[in-house]
1. Which ones in the stretch 54-72 are at pLDDT below 90 and over 14 Å from residue 102 (Cα atoms)?
2. Considering only residues that are part of a loop (DSSP other than H, G, I, E, B), free of Cβ contacts under 8 Å to residues at least 40 places away in the same chain and under 25 Å from the mean Cα position of the chain (by Cα), look in the stretch 211-237 and name the one that is nearest to residue 281 (Cα to Cα).
3. I want to confirm something. Restricting to the stretch 139-157 and keeping residues that are assigned to a loop (DSSP other than H, G, I, E, B) and free of Cβ contacts under 8 Å to residues at least 12 places away in the same chain, which single residue is surrounded by the most Cβ atoms within 10 Å (Cβ to Cβ)?
4. Specify the residue that is modelled with the lowest pLDDT; the eligible residues are those in the stretch 235-259 that are buried (at least 17 other Cβ atoms within 10 Å of the Cβ) and under 19 Å from residue 77 (Cβ atoms).
5. Counting residues that are surrounded by 15 or more Cβ atoms within 10 Å (Cβ to Cβ) and in contact with a strand residue (DSSP E or B) (Cβ under 9 Å, 6 or more places away or on another chain), which helices (runs of 4 or more DSSP H) fully inside the stretch 50-138 reach at least 2?
């Protein structure tokens, strides 16, 4: 029978890229992708030339090739947020910074040091995620027999420490609630200020976990909503076991949720326009309600330029094309709402273990770090407490010289 006329390339609809499958000398198949046929032809030619001239060393893959293998083994079973952290560290930092086309055995300790030095000014959180992914990947390469020793063994997490979080004052809390009153941002702000939920916990909250009646109304944290690219992923896998908790609803939040329930027939407490979970872009539009009412420098996405552009607004200024006036003279972030809630609990004198439970902290040390900034540690504030601690002790008479 005559051989079928196969197409030069296949088009992968999911990736929206052209694909060519090459058979390597060891019999394995290798897929090569590109957005256009010309680029794919060039990549195929380069690979075939490498095979002819140098042979294909399956035991010494490129960094990019090994990263794919490592992710296929490491990521299954992790939360979507953790998967996103690893993908970001590898795709946006490690592979561009160390040259993903380099063979594993060509990467030296000096290469690792130069790469980490280039990341010295990033946040300590991101620095730690990059360090973790880098060390785990090269340690796995040693276990797999690809390397004798890891060039990343000596790497330590660093980066710039985040600036200290500042809770909103009572006046700022009242101003924020007033600014978003009557908008879809109000229930999100209230859940942050009066229940201390994380952003992903608010977006994943459904009405079946909210008890608005009874002697002690409460909400139960059962789900989170994370984002993969722009898509919303709702899961019952929480950040930690401690994140699963039941939180009493104080009167301001209870009144808000009861009013909002009448207007909102959907399953999600803070839904998108169709009643489902909010995507990354949908949440950005929600939080723009706060940013549009904030004076100072804000950043808005410019479609023509393809990146955020600074927008300067003054207090009392009317926002262009909107019936909105800038009434907030402070900047606020979603996490700042939660920090304010925990700070208010600490300032109330509530038992530290109860605060830990309500905050969903896995470790009491996280709660104590916030508590230490709230309690008064000035001598005049501590004087009475110290005297009370030692006032009942028998002190021998002290003779003066």
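The values are calculated or read from the model by the stated rules, or taken from the named source; none is laboratory data. It should be emphasised that the depicted structure is a prediction, and the values quoted were computed from it without experimental measurement. When we count neighbours, we look across all protein chains shown, and the Cβ atoms used for this are built from the backbone with ideal geometry, even at glycine.
1. 54, 55 - these are the residues of the stretch 54-72 that are at pLDDT below 90 and over 14 Å from residue 102 (Cα atoms).
2. We begin by selecting, within the stretch 211-237, every residue part of a loop (DSSP other than H, G, I, E, B); these are 212-217, 221-223, 229-230, 236-237.
Then keep just the ones that are free of Cβ contacts under 8 Å to residues at least 40 places away in the same chain; that gives 213-217, 222-223, 236.
In the following step, the residues that additionally are under 25 Å from the mean Cα position of the chain (by Cα) were identified as 222-223, 236.
Numbers: 222: 23, 223: 20, 236: 22 Å.
Per the criteria, the residue is 223.
3. Step one: filter the stretch 139-157 for residues assigned to a loop (DSSP other than H, G, I, E, B), giving 144-157.
Next, from what is left, pick out any that are free of Cβ contacts under 8 Å to residues at least 12 places away in the same chain: 144, 148-149.
Details: 144: 15, 148: 8, 149: 10.
Among residues in the stretch 139-157 that are assigned to a loop (DSSP other than H, G, I, E, B) and free of Cβ contacts under 8 Å to residues at least 12 places away in the same chain, the one surrounded by the most Cβ atoms within 10 Å (Cβ to Cβ) is 144.
4. The residue in question is 239.
5. Values: elements: 63-74, 80-89, 95-98, 109-117.
Result: 63-74, 80-89.
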